[in-house]
Amino acid sequence: MRITRTIGETRAALAEAEDIGLVPTMGAYHAGHLALFRAARAESETVVASLFVNPAQFGDTADLARYPRDETADAAIAEAEGVDLLFAPAVEELYPPGYETWVDVEQTSRGLEGDARPGHFRAVATICLKLFNIVRPRRVYYGQKDAQQVEVVRRMIRDLDLEIDLRVVPTVREPDGLALSSRNALLSPEERRAALALPRALATRDPAKARAMLDGLDVDYVEVAPFDPPVLAGAVRVGSVRLIDNVPLDQGGRR
Ligand code: AMP
């Protein structure tokens with residue numbers, strides 16, 4: 001597996017590649033990321049992963065500062081999963097001095113995470129478009145876990161006429177139901193137990209029941225979102241960690 005740091009190196013390394021699958025990530029790999037790598041590997045000639053903790057999408061500098069980072073471990077995992085190229089640029093490579101251009105997916109970025117994290121989806125859409133332009137993928141892979149992110153990227157692909165297929169990979173969960181997340185590593189054992197209330201509440205697929213089950217926790221929202229497919233989505237704070245999750249509501253709710 002090749003690791004590249006600059007846009008120029010990445011473009012040169014991929015100049016001959018015609019069938020690229022891109023998995024955008026922020027690192028701290030867990031089984032959710034592996035599912036994306038495997039989906040990409042199964043159908044793409046060249047698999048590219050990007051590893052970039054995008055500072056622009058963090059409203060909270062403390063959240064950014066403590067975001068788990070371990071590039072050496074991530075590179076070993078990516079290589080073992082058959083990733084051909086890992087693009088791991090420095091912040092200045094993607095946001096050079098004077099940077100001022102942003103992609104705003106206006107409506108889809110509102111509500112839910114968009115309301116809780118102002119500017120988050122503008123930063124997500126922008127970094128994704130930059131990565132698409134650098135890597136030129138035929139397919140991109142995102143996790144259902146971040147359902148609103150999927151909607152924002154889908155809308156951007158349509159609105160900007162990008163020739164890219166969006167693939168959505170089902171949420172990977174711990175045996176007890178907690179959705180895998182890089183932020184789970186920040187939970188104490190007691191918080192980890194409390195966090196289980198979120199997937200259990202969402203599993204009811206009923207907003208009123210879910211809210212009742214989360215009574216006493218610090219709930220940001222529990223709402224049905226009109227995505228494709230519609231989801232029951234929720235966000236809670238457990239200690240200093242904010243967790244999100246959702247369950248699709250179509251196909252009898254068993255997707
Ligand atoms: P992140 O590194 O957290 O930005 O996540 C990179 C990609 O992995 C995103 O498309 C996420 O939606 C996806 N992802 C994160 N957690 C999971 C999970 N538990 N199951 C499936 N995909 C996930």
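The values are calculated or read from the model by the stated rules, or taken from the named source; none is laboratory data. For clarity, every value in this text was computed on a predicted model and none was experimentally measured. Here the Cβ is made from the backbone with ideal geometry for all residues, glycine too, and neighbour counts use every protein chain on show.
Within the range 64-71, does at least one residue satisfy the condition of being away from the ligand (no atom under 16 Å from the Cβ) and either surrounded by 15 or more Cβ atoms within 10 Å (Cβ to Cβ) or within 28 Å of P170 (Cβ to Cβ) (or both)? If you could, list the steps in order and put the result at the bottom.
Just the residues of the range 64-71 that are away from the ligand (no atom under 16 Å from the Cβ), to begin with: 65.
With either surrounded by 15 or more Cβ atoms within 10 Å (Cβ to Cβ) or within 28 Å of P170 (Cβ to Cβ) (or both) added as a condition, the list becomes none.
No, the range 64-71 contains no residue that is away from the ligand (no atom under 16 Å from the Cβ) and either surrounded by 15 or more Cβ atoms within 10 Å (Cβ to Cβ) or within 28 Å of P170 (Cβ to Cβ) (or both).
Can you go through R167, R183 and tell me which one is within 26 Å of M26 (Cβ to Cβ), at pLDDT below 95 and within 15 Å of the ligand (Cβ to nearest atom)?
On the way: R167 fails: at pLDDT below 95.
Criteria check complete, one pass: R183.
Look at E16 and say whether it is part of a loop (DSSP other than H, G, I, E, B), among the charged types (D, E, K, R) and over 18 Å from the mean Cα position of the chain (by Cα). Before you say what the answer is, go through the steps one by one.
Details: part of a loop (DSSP other than H, G, I, E, B): yes; among the charged types (D, E, K, R): yes; over 18 Å from the mean Cα position of the chain (by Cα): yes.
So E16 passes the test.
Quick grid of which residues meet (1) surrounded by 15 or more Cβ atoms within 10 Å (Cβ to Cβ); (2) part of a loop (DSSP other than H, G, I, E, B):
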position	(1), (2)
P137	yes, yes
V140	yes, no
A147	yes, no
V152	yes, no
I157	yes, no
T171	yes, yes
E190	no, no
A201	yes, no
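Taking the range 4-16, which residues are in contact (Cβ under 8 Å) with a residue 40 or more places away in the chain and either surrounded by 16 or more Cβ atoms within 10 Å (Cβ to Cβ) or over 18 Å from E92 (Cα atoms) (or both)?
Residues satisfying the conditions are T4, I7, T10, A13, L14.
Filter the range 168-202 down to residues that are over 20 Å from the mean Cα position of the chain (by Cα) and within 30 Å of A42 (Cβ to Cβ), then give me how many there are.
Here the count works out to 2.
Can you name every residue in the range 99-121 that is hydroxyl-bearing (S, T, Y) and within 19 Å of V222 (Cα to Cα)?
Of the residues in the range 99-121, the ones hydroxyl-bearing (S, T, Y) are 99, 101, 108-109.
Scanning the range 99-121 gives T108, S109.
Taking the criterion of being of a type in the set (V, I, T) and within 14 Å of the ligand (Cβ to nearest atom), would at least one residue in the range 8-21 satisfy it? Break it down stepwise before answering.
Here is the first cut: in the range 8-21, the residues of a type in the set (V, I, T) are 10, 20.
With within 14 Å of the ligand (Cβ to nearest atom) added as a condition, the list becomes none.
Scanning the range 8-21, I find no residue that is of a type in the set (V, I, T) and within 14 Å of the ligand (Cβ to nearest atom), so the answer is no.
Please count how many residues of the range 205-241 are free of Cβ contacts under 8 Å to residues at least 60 places away in the same chain, surrounded by 17 or more Cβ atoms within 10 Å (Cβ to Cβ) and not in a loop (DSSP other than H, G, I, E, B).
Selection size over the range 205-241: 10.
Select, from V53, V83, the only residue that is touching a Phe, Trp or Tyr at 6+ places or on another chain (Cβ under 7 Å), assigned to a loop (DSSP other than H, G, I, E, B) and free of Cβ contacts under 8 Å to residues at least 60 places away in the same chain.
Values: V83 fails: free of Cβ contacts under 8 Å to residues at least 60 places away in the same chain.
Matching residue, one of V53, V83: V53.
Name, by its number, the condition in (1) touching a Ser or Thr at 6+ places or on another chain (Cβ under 9 Å); (2) more than 12 Å from the ligand (Cβ to nearest atom); (3) among the small types (G, A, S) that does not hold for A28.
(2)
Return the total of residues in the range 135-164 being of a type outside the set (S, T, N, Q) and within 11 Å of the ligand (Cβ to nearest atom).
Filtering the range 135-164 for residues of a type outside the set (S, T, N, Q) gives 135-143, 145-147, 150-164.
Add one more test, that the residue is within 11 Å of the ligand (Cβ to nearest atom), and what stays is 140-143, 145-147, 150, 153.
Of the residues in that region, 9 qualify.
Against the definition (surrounded by fewer than 18 Cβ atoms within 10 Å (Cβ to Cβ) and either under 20 Å from A123 (Cβ atoms) or within 13 Å of the ligand (Cβ to nearest atom) (or both)), how does A90 come out, yes or no? Full working, then the answer.
On the way: surrounded by fewer than 18 Cβ atoms within 10 Å (Cβ to Cβ): yes; either under 20 Å from A123 (Cβ atoms) or within 13 Å of the ligand (Cβ to nearest atom) (or both): yes.
Considered against the rule, which asks whether it is surrounded by fewer than 18 Cβ atoms within 10 Å (Cβ to Cβ) and either under 20 Å from A123 (Cβ atoms) or within 13 Å of the ligand (Cβ to nearest atom) (or both), A90 comes out as yes.
Within the bounds of the range 170-179, is there any residue that is aliphatic (A, V, I, L, M) and away from the ligand (no atom under 15 Å from the Cβ)?
Looking only at the range 170-179, we keep the residues that are aliphatic (A, V, I, L, M), and these are 172, 178-179.
Among the residues that remain, those that are also away from the ligand (no atom under 15 Å from the Cβ) are: none.
No: the range 170-179 contains no residue that is aliphatic (A, V, I, L, M) and away from the ligand (no atom under 15 Å from the Cβ).
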